[in-house]
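The structure appears below as structure tokens.
The values are calculated or read from the model by the stated rules, or taken from the named source; none is laboratory data. Nothing here was measured: the structure is a model prediction, and the numbers come from that model. Positions of Cβ are generated from backbone atoms using ideal geometry, with glycine treated the same way; all protein chains shown enter the neighbour counts. Ligands, DNA and RNA are stripped out before the accessible areas are found, and what is left, the full protein with its side chains, is counted by its heavy atoms. Shrake-Rupley method; radii C 1.70, N 1.55, O 1.52, S 1.80 Å.
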Amino acid sequence: MFENLQERLGAILNGLTGRGALSEADVSAALREVRRALIEADVALDVVRSFTDRVREKAVGATVLKSVKPGQMVVKIVHDELVEMLGSEGETISLNAPAPVVIMMVGLQGSGKTTTTAKIAKRLTDRQGKKVLMASLDTRRPAAQEQLKQLGEQTGIATLPIIPEQLPTDIARRAVQAAKLGGYDVVILDTAGRTHIDEPLMVEMADIKKVSSPHEILLVADSLTGQDAVNLARNFDDRVGITGIVLTRMDGDGRGGAALSMRAVTGKPIKLIGTGEKMDALEEFHPRRVADRILG
Ligand code: GDP
């Protein structure tokens, strides 16, 4: 019926011009549309609720300026609040630690972890001139270590030689040691995923963290993850303690509601977004752009 939120809110509120302030009833009617837009964008339900509560607080009683339509004003309040909740512009991977800086990648199987590992390694090499070593700790999926090796060959980034049957924690130790001996600036550990979160996965991640002392622990998550985004982020953050999030498949059709859900439950920054299968399809996260996309 209406193309976007601005039009929907305009239809509800624009008749109010001249009344001075937004009433509780006006705001409630507008928030029904906001809620609908967020749910369509796949934002988790409890995050939708806390978000609309925040907007309600700002909007009720707000004076409607003569120069703007009430619908536009509410859209602006919603947009500003969304940008604020999504976090700040220009978050980057921190390398502010003694070399070799350890970056641990975590996430579910198929989220794009291995691809993102190679993309980040390439970015640090190309843009910051860093010497990067990558290591696959995925001993569950037979082809996983080989997959990272191939991406290494494709991008010209070094990978830790594969020793069959070695345990993930032993590979982690060996990777850090090899990075030290080889004079690497950064070592990126690509851990194993599962199709869903389970206890052995969390134990394995905690063990790897213990032996490798990562400076960054990045949760790689598919931006098309809907209501599960909250559980996913909360579990990894509670059990392993993430330092940031990388959202993949932002080139897809999704509206990116997972960004808001994950940021809201963990408070951790979204550091990068994946925008394709190619090795250079990795971009900075821009809260404003994602807010526009979520609002449709
Ligand atoms: P892992 O199991 O988490 O290591 O996932 P992979 O790195 O193997 O990625 C699974 C698939 O998703 C591969 O076909 C990747 O090329 C693809 N992929 C990863 N990131 C992106 C992205 O940002 N956009 C798109 N379109 N595909 C991606």
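Scanning the range 213-226 for residues that are under 13 Å from residue 240 (Cα atoms) and either open to solvent by 10 Å² or more (accessible area, probe 1.4 Å) or free of Cβ contacts under 8 Å to residues at least 24 places away in the same chain (or both) returns 213, 214, 215.
Within the range 253-278, residues that are farther than 18 Å from residue 124 by Cα sit with their Cβ atoms under 6 Å from residues that are of a type in the set (Gly, Ala, Ser) and within 12 Å of the ligand (Cβ to nearest atom), at 6+ positions apart or across chains, in these pairs: 254/223; 256/223; 258/223.
Restricting the range 167-217 to residues that are among the polar types (S, T, N, Q) and modelled with pLDDT of 95 or more leaves a set whose member that is farthest from residue 239 (Cα to Cα) is 177.
Residues that are among the acidic types (Asp, Glu) and either in a loop (DSSP other than H, G, I, E, B) or touching an Asp or Glu at 6+ places or on another chain (Cβ under 8 Å) (or both) within the range 29-61 comprise just one, 42. In the set 264, 206, only one residue is surrounded by fewer than 17 Cβ atoms within 10 Å (Cβ to Cβ) and more than 16 Å from the ligand (Cβ to nearest atom); that residue is 206. Considering only residues that are more than 16 Å from the ligand (Cβ to nearest atom) and buried (at least 17 other Cβ atoms within 10 Å of the Cβ), look in the range 96-119 and name the one that is nearest to residue 233 (Cα to Cα). Result: 102. Of the numbered criteria (1) buried (at least 16 other Cβ atoms within 10 Å of the Cβ); (2) more than 16 Å from the ligand (Cβ to nearest atom), the one residue 199 fails is (1).
Within the range 140-164, can you find the residues that are closer than 21 Å to residue 210 by Cβ, touching a residue at least 24 places away in the same chain (Cβ under 8 Å) and out of contact with any helix residue (DSSP H, G or I) (no Cβ under 6 Å at 6 or more places or on another chain)? The one that is closer than 21 Å to residue 210 by Cβ, touching a residue at least 24 places away in the same chain (Cβ under 8 Å) and out of contact with any helix residue (DSSP H, G or I) (no Cβ under 6 Å at 6 or more places or on another chain): 140. Among the residues of the range 120-142, is any part of a helix (DSSP H, G or I), within 12 Å of the ligand (Cβ to nearest atom), closer than 24 Å to residue 251 by Cβ and in contact with an Asp or Glu (Cβ under 7 Å, 6 or more places away or on another chain)? Checking the range 120-142: not a single residue is part of a helix (DSSP H, G or I), within 12 Å of the ligand (Cβ to nearest atom), closer than 24 Å to residue 251 by Cβ and in contact with an Asp or Glu (Cβ under 7 Å, 6 or more places away or on another chain).
The set of residues in the range 28-83 being farther than 21 Å from residue 11 by Cβ, in contact (Cβ under 8 Å) with a residue 60 or more places away in the chain and open to solvent by 10 Å² or more (accessible area, probe 1.4 Å) consists of 42, 45, 46, 50, 83. In the set (1) open to solvent by 10 Å² or more (accessible area, probe 1.4 Å); (2) touching a residue at least 12 places away in the same chain (Cβ under 8 Å); (3) within 16 Å of the ligand (Cβ to nearest atom), residue 90 fails one condition alone, (3). The criterion of at least 2 residues that are acidic (Asp, Glu) is met by the following helices (runs of 4 or more DSSP H) wholly inside the range 178-296: 199-212, 229-239.
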